Amino acid sequence: QVQLVESGGGLVQAGGSLRVSCAASGRTFSTYTMGWFRQAPGKEREFVAAIARTGDRTYYADSVKGRFTISRDNAKNMVYLQMNNLRPEDTAVYYCAARNSAVIYKTPNDYDYWGQGTQVTVSS
């Protein structure tokens, strides 16, 4: 089992950058595929990015490709989402998710563990 805690959200102007972090508990973090999702008011939770256990594979939603970068540090039990060139439509609560698997998943129902979320607001 793993517990996830996000941090680093905040308010930023359009075109700015922000990095959100996710701290994971447990000694088996390196066995988990990690994902970032987001949910805006009135909308469904959507996939943002995911990273494989060893960090050798990453996937991104088309809407963030080229602007966001997911990374992980297994020694520190951390996963990060660097967000550049932010847009107002990126405004949402960002969630970290984990699944003990070698497969990278892109749908919320495929993940077993979730953090509480961190708010990211991009002003125009």
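Filtered by the rule that a residue be under 13 Å from the mean Cα position of the chain (by Cα) and at pLDDT below 95, the range 66-103 gives no residues. Taken over the range 1-43, the criterion of being open to solvent by 20 Å² or more (accessible area, probe 1.4 Å), hydroxyl-bearing (Ser, Thr, Tyr) and either touching a helix residue (DSSP H, G or I) at 6+ places or on another chain (Cβ under 7 Å) or in a strand (DSSP E or B) (or both) is satisfied by 7 alone. If you check residue 95 against the conditions, is it assigned to a strand (DSSP E or B), of a type outside the set (Gly, Ala, Ser) and in contact with a Ser or Thr (Cβ under 7 Å, 6 or more places away or on another chain)? It is false that residue 95 is assigned to a strand (DSSP E or B), of a type outside the set (Gly, Ala, Ser) and in contact with a Ser or Thr (Cβ under 7 Å, 6 or more places away or on another chain).
Each row is one residue, and each column tells you yes or no for (1) closer than 22 Å to residue 16 by Cα; (2) in contact (Cβ under 8 Å) with a residue 24 or more places away in the chain.
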| site | (1), (2) |
| --- | --- |
| 34 | no, yes |
| 51 | no, yes |
| 74 | no, yes |
| 109 | no, no |
| 117 | yes, yes |
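In the set (1) within 20 Å of residue 124 (Cα to Cα); (2) free of Cβ contacts under 8 Å to residues at least 40 places away in the same chain; (3) in contact with a strand residue (DSSP E or B) (Cβ under 7 Å, 6 or more places away or on another chain), the condition left unmet by residue 63 is number (3).
Of the candidates 37, 68, the single residue that is among the aromatic types (Phe, Trp, Tyr) and closer than 18 Å to residue 3 by Cα is 37. Scanning the range 99-119 for residues that are closer than 13 Å to residue 36 by Cα and touching a helix residue (DSSP H, G or I) at 6+ places or on another chain (Cβ under 8 Å) yields a single hit, 99.
Pick from 6, 46: which is of a type in the set (Asp, Glu) and in contact with a Cys (Cβ under 6 Å, 6 or more places away or on another chain)? Even if it seems obvious, please write down each step before you answer.
Details: 46 fails: in contact with a Cys (Cβ under 6 Å, 6 or more places away or on another chain).
Going through 6, 46 in turn, just one is of a type in the set (Asp, Glu) and in contact with a Cys (Cβ under 6 Å, 6 or more places away or on another chain): 6.
For residue 116, the conditions (1) in contact with a Leu (Cβ under 9 Å, 6 or more places away or on another chain); (2) open to solvent by 70 Å² or more (accessible area, probe 1.4 Å); (3) outside any loop (DSSP other than H, G, I, E, B) are fulfilled apart from (3). Counting the residues of the range 44-59 that are buried (at least 19 other Cβ atoms within 10 Å of the Cβ) and either in a strand (DSSP E or B) or among the hydroxyl-bearing types (Ser, Thr, Tyr) (or both) gives 5.
The values are calculated or read from the model by the stated rules, or taken from the named source; none is laboratory data. All figures in this text were calculated on a predicted structure; none of them were measured in a lab. When we count neighbours, we look across all protein chains shown, and the Cβ atoms used for this are built from the backbone with ideal geometry, even at glycine. Heavy atoms of the whole protein, side chains included, go into the accessibility calculation; ligands, DNA and RNA do not. Shrake-Rupley method; radii C 1.70, N 1.55, O 1.52, S 1.80 Å.
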